[in-house]
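Report on one structure; see the data block that follows.
Taken together, the values in this text are just the output of simple stated rules run on the coordinates, not laboratory data. Note that the structure is a prediction, hence the values are computed from the model and not measured. So basically every Cβ, Gly included, is an ideal-geometry build from the backbone, and we count neighbours across all protein chains shown.
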Amino acid sequence: MAITGASGAQYGLRLLQCLLSEGVQVFVMISRAAQIVINTETDLKMPGTPSEQEAYLAKLYAADEGQLKVFGKEQWMAPVASGSGAPSKMVVCPCSTGSLSAIATGASNNLIERAADVALKERRQLILVPREAPYSEIHLEHMLKLTRMGAVVIPASPGFYNRPQSIEDMIDFVVARILNQLDIKQTLLPCWGDDLL
């Protein structure tokens, strides 16, 4: 997964926490802009280097030994940089509109963009979670282009039919939708209609 510099770092951090709690091995890339957003929007103080981030997040979310690996933007030997080693699924959460543009055009200027490019070219699952308002025509064109390539776009737009009582409930709504797409068990949000069964 990747966390980029859009507002809404809480979505990516909560997703990471849920994935680790389910025992999923996670490769993480955190853009420099995302580090600034995390330090601004949360009480966390994200360290600067990938190895420090890995240790920090592994401790924070009680990851098992080797379950979490953080890669820097120019670690071109990382498994996510090649179709022969990349995971079957990738999530960019939140996905800045700059990252959205770079992924849509195949820029591959850093490891996040390259990993998304690999997911697309290898026909693997790619989920993008943009957090922007309003969307410009450029943003919408990029989302349409990526959807046509097989990516899934899940805007960070929490619903209210579950009557959220807190910001955490609204974050969990979006994270639950991502986990459902990944086919990973979640108890953050009941499936629609469960109350009728």
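Can you find, within the stretch 169-197, the residue that is surrounded by the most Cβ atoms within 10 Å (Cβ to Cβ) among those that are in contact (Cβ under 8 Å) with a residue 24 or more places away in the chain and in a helix (DSSP H, G or I)?
Ranking the qualifying residues of the stretch 169-197, first place goes to Val175.
Cβ-Cβ below 6 Å, separation at least six or inter-chain, first residue in the stretch 34-51 and closer than 20 Å to Ala6 by Cβ, second aliphatic (A, V, I, L, M) and in a helix (DSSP H, G or I): which pairs?
Val37/Ala9; Ile38/Ala9; Glu41/Ala9; Leu44/Ile38; Met46/Ile38
Just to be sure before I move on: is Val129 surrounded by fewer than 21 Cβ atoms within 10 Å (Cβ to Cβ) and closer than 17 Å to Ile3 by Cα in the structure I sent?
It is false that Val129 is surrounded by fewer than 21 Cβ atoms within 10 Å (Cβ to Cβ) and closer than 17 Å to Ile3 by Cα.
Would you please list the contacts, defined by Cβ atoms under 9 Å and residues six or more apart or on different chains, that run from a residue in the stretch 3-28 that is free of Cβ contacts under 8 Å to residues at least 40 places away in the same chain to a residue that is surrounded by fewer than 19 Cβ atoms within 10 Å (Cβ to Cβ) and not hydroxyl-bearing (Ser, Thr, Tyr)?
Filtered contacts from the stretch 3-28: Leu13/Leu44; Leu13/Leu60.
Here is a check on your reading of the model: is Met149 over 29 Å from Gly23 (Cβ atoms), of a type outside the set (Lys, Arg) and in contact with a strand residue (DSSP E or B) (Cβ under 6 Å, 6 or more places away or on another chain)?
So Met149 does not fit the description; no.
From the list Leu140, Leu57, Leu68, which residue is of a type outside the set (S, T, N, Q) and more than 19 Å from Leu20 (Cβ to Cβ)?
Leu140
Between a first residue in the stretch 140-163 that is without any contact (Cβ under 8 Å) to a residue 60 or more places away in the chain and a second residue that is among the hydroxyl-bearing types (Ser, Thr, Tyr) and surrounded by 14 or more Cβ atoms within 10 Å (Cβ to Cβ), which pairs have beta carbons less than 6 Å apart while being 6 or more apart in sequence or on different chains?
Sorted first by the residue in the stretch 140-163, then by its partner, the pairs are His142/Ser101.
Would the stretch 137-147 turn up any residue that is touching a Pro at 6+ places or on another chain (Cβ under 9 Å), of a type outside the set (Asp, Glu), over 15 Å from Ser31 (Cα atoms) and surrounded by fewer than 20 Cβ atoms within 10 Å (Cβ to Cβ)?
Yes: one or more hits.
Restricting attention to the stretch 112-126, report how many residues are under 16 Å from the mean Cα position of the chain (by Cα) and either in contact (Cβ under 8 Å) with a residue 60 or more places away in the chain or exposed (fewer than 15 other Cβ atoms within 10 Å of the Cβ) (or both).
3
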